Every structure is written in C-alpha cells, then in structure tokens.
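Visitor: Here it is, the structure, as structure tokens.
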Amino acid sequence: MSLSQHVRDIALKATPPSGTPMTLHLSLILDPVEGPTLVDTGFPGMLELLRAALQAEGVALGDVRRVLVTHHDLDHIGLLPDVVRESGAQVWASAAEVPFVQGEQAPQKRPGTPPLSGLPDIRVSRVLGDGEVLPLAGGVRVLATPGHTVGHTSFLVEQDGVLITGDALTSEDGTLNSFNPQFTPDQSLARQSVRRLAEHSGAVRVIQTYHGGSVSEDAAGQLRRVAGER
C-alpha cells in the first residue's frame, strides 16, 4: 500500500512462536537512483510472503539494496539472513544494535537465548548516527529512540513527511498509541523517545508503526497527544 511518493507499507500476516496471529508492517522506501530500501524484515520463515508482497509493489526481492534495522527483536530481523543471502543487501543499524544484529550478543530481552542462526554471517556495513540524514528518497533522518531496545531507531522520510517508528509507537485502526509496555524494558527512556519524536511533529504527515500500520488522520496531532500522555 502506498503511504507517499517514496514509501510503501509492506503488510505481512504472521503467526509467531506464541501462536497469536498478527500483521507486521514493514516499510519499503523507493529511490529511482539508490534503489529499494527495506525497513526491517519480519519473522524467520516468511521469505515467500515477503517476496510476494514486494512483487505486488513492483520490486523483486533480489533488487533490495539495503535493510534499515529499527532494532533486533526477532519479528524485525528474523528474516534478515535470508534477505541478505538472496539480495546481497547492505545492513544499516545503530551502533548499539550492531552486536545483536551480527549475532555477537544474545538478544537483550532474552539473554539466555542464543542468537538466531544465520546472524553471525551478517555484517553491518553502515552504522547509523542520531540525526544523520541518509541520501535516500530526498533525505531520511535517523532518530535514536531507545527504550524498547537499547539502540532502537526510527526514521523520518523528510520529503514525504512519513515517520517510520518501529516499536517506539503502536497503532490500531488509524489511532496512534504509545509503545507496548509489556515488551519495553526501559519505559522511562521510551517515553523520552516518544517526546523526542513529537519534536518533529511539524514535519509529519503519516506515521507508520510496525504493529498497527499507518496513521494518517491528523498524524502530527496524534503524535503530540501520545507524547503528552503519562
């Protein structure tokens, strides 16, 4: 589904290990020169679903040039080894997420669990800095939004006004909500991150959350509302 000139919502229906069906909302950023960029990848075992969803947007999986990682939870990077293996895509992530993404450290929320098979083969080719503007789709601003994980990152596609929040925010039926406290270890820091996102509300027209999808009706106002909640 098109969110803007450069951004597509890639919705994948998933049944995670918990057994509760859910829909994941990946983002696809299109740039005629730099090629397609995927934001997050989904659970392991979803390769054919992802392939079909990309094809519906006119993009072959093998043409994906890079993957921007919001954070290392399994539903976000579980498919990363398969995507990289098939496409040769570069992996871009924040410094704090690198050891998790590369399988050098156990997941933050599951410290006794070994890293996902295949992650040790991943190498992050670009470390993202807070405030950096990536040369994609007219400029994609990197926004550090820790709390959900230590290095959680959101992305603002500035020309389009699309804010890709990962799990820093959630939504339901077009209504923006705060993060899910059940899966957010540092809630105080996460609230600071939401307020930090709201500082950019003047540039926001659409908010894309990983759990819940897009928010387009008064997205900026909804962002300010959530940031003001305690």
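Visitor: Please go through segment 52-67 and pick out each residue that is hydrophobic (A, V, I, L, M, F, W, C) and over 11 Å from Val101 (Cβ atoms).
Guide: If the condition is that a residue be hydrophobic (A, V, I, L, M, F, W, C) and over 11 Å from Val101 (Cβ atoms), then Ala52, Ala53, Leu54, Ala56, Val59, Ala60, Leu61, Val64 are the ones that fit.
Visitor: Can you pull out every residue in segment 158-173 that is polar (S, T, N, Q) and either in contact with a Lys or Arg (Cβ under 6 Å, 6 or more places away or on another chain) or in a strand (DSSP E or B) (or both)?
Guide: Thr165, Thr170, Ser171
Visitor: Hey, another quick one. So which pairs qualify, if the first residue must be in segment 26-46 and among the charged types (D, E, K, R), the second must be crowded, with 21+ Cβ neighbours inside 10 Å and not in a loop (DSSP other than H, G, I, E, B), the Cβ gap must be under 6 Å, and the two must be at least 6 apart or on different chains?
Guide: Here the result reads Asp40/Leu26; Asp40/His76, each pair linking segment 26-46 to a residue that is crowded, with 21+ Cβ neighbours inside 10 Å and not in a loop (DSSP other than H, G, I, E, B).
Visitor: State whether one or more residues within segment 172-185 are modelled with pLDDT of 95 or more, within 18 Å of Asp73 (Cα to Cα) and surrounded by fewer than 16 Cβ atoms within 10 Å (Cβ to Cβ).
Guide: Yes, that holds for at least one residue.
Visitor: Within segment 171-180, can one find any residue that is without any contact (Cβ under 8 Å) to a residue 40 or more places away in the chain and closer than 14 Å to Glu229 by Cα?
Guide: Looking through segment 171-180, at least one residue is without any contact (Cβ under 8 Å) to a residue 40 or more places away in the chain and closer than 14 Å to Glu229 by Cα.
Visitor: Just give me the residues in segment 1-25 being among the hydroxyl-bearing types (Ser, Thr, Tyr), outside any strand (DSSP E or B) and either touching a Lys or Arg at 6+ places or on another chain (Cβ under 6 Å) or at pLDDT 95 or above (or both), in sequence order.
Guide: The answer is Ser4, and nothing else.
Visitor: Further question: Can you run down the residue pairs with Cβ atoms below 8 Å, 6 or more apart or on separate chains, where the first is in segment 201-230 and surrounded by 15 or more Cβ atoms within 10 Å (Cβ to Cβ) and the partner is modelled with pLDDT under 95 and in a strand (DSSP E or B)?
Guide: Taking only residues 6 or more apart or on different chains, the pairs are His211/Met22.
Visitor: Considering only residues that are of a type in the set (A, V, I, L, M), under 16 Å from the mean Cα position of the chain (by Cα) and part of a helix (DSSP H, G or I), which ones fall in segment 176-230?
Guide: Hits for segment 176-230 are Ala190, Val194, Leu197.
Visitor: Looking at segment 56-80 only, could you name the residues that are of a type in the set (A, V, I, L, M, F, W, C) and either within 17 Å of Gly129 (Cα to Cα) or without any contact (Cβ under 8 Å) to a residue 40 or more places away in the chain (or both)?
Guide: Ala56, Val59, Ala60, Leu61, Val64, Val67, Leu68, Val69, Leu79, listed by residue number.
Visitor: Let me ask another. Residue check, His76 against (1) within 19 Å of Val7 (Cβ to Cβ); (2) in contact with a helix residue (DSSP H, G or I) (Cβ under 9 Å, 6 or more places away or on another chain), all met but one. Which one?
Guide: (2)
Visitor: Still on this model: Residues of segment 81-97 being over 24 Å from Asp130 (Cβ atoms) and either crowded, with 18+ Cβ neighbours inside 10 Å or in contact with a Lys or Arg (Cβ under 8 Å, 6 or more places away or on another chain) (or both), which ones?
Guide: Answer for segment 81-97, where residues must be over 24 Å from Asp130 (Cβ atoms) and either crowded, with 18+ Cβ neighbours inside 10 Å or in contact with a Lys or Arg (Cβ under 8 Å, 6 or more places away or on another chain) (or both): Pro81, Asp82, Val83, Val84, Ser87.
The values are calculated or read from the model by the stated rules, or taken from the named source; none is laboratory data. Just so you know, these numbers come straight off a predicted model, no measurement behind them. Positions of Cβ are generated from backbone atoms using ideal geometry, with glycine treated the same way; all protein chains shown enter the neighbour counts.
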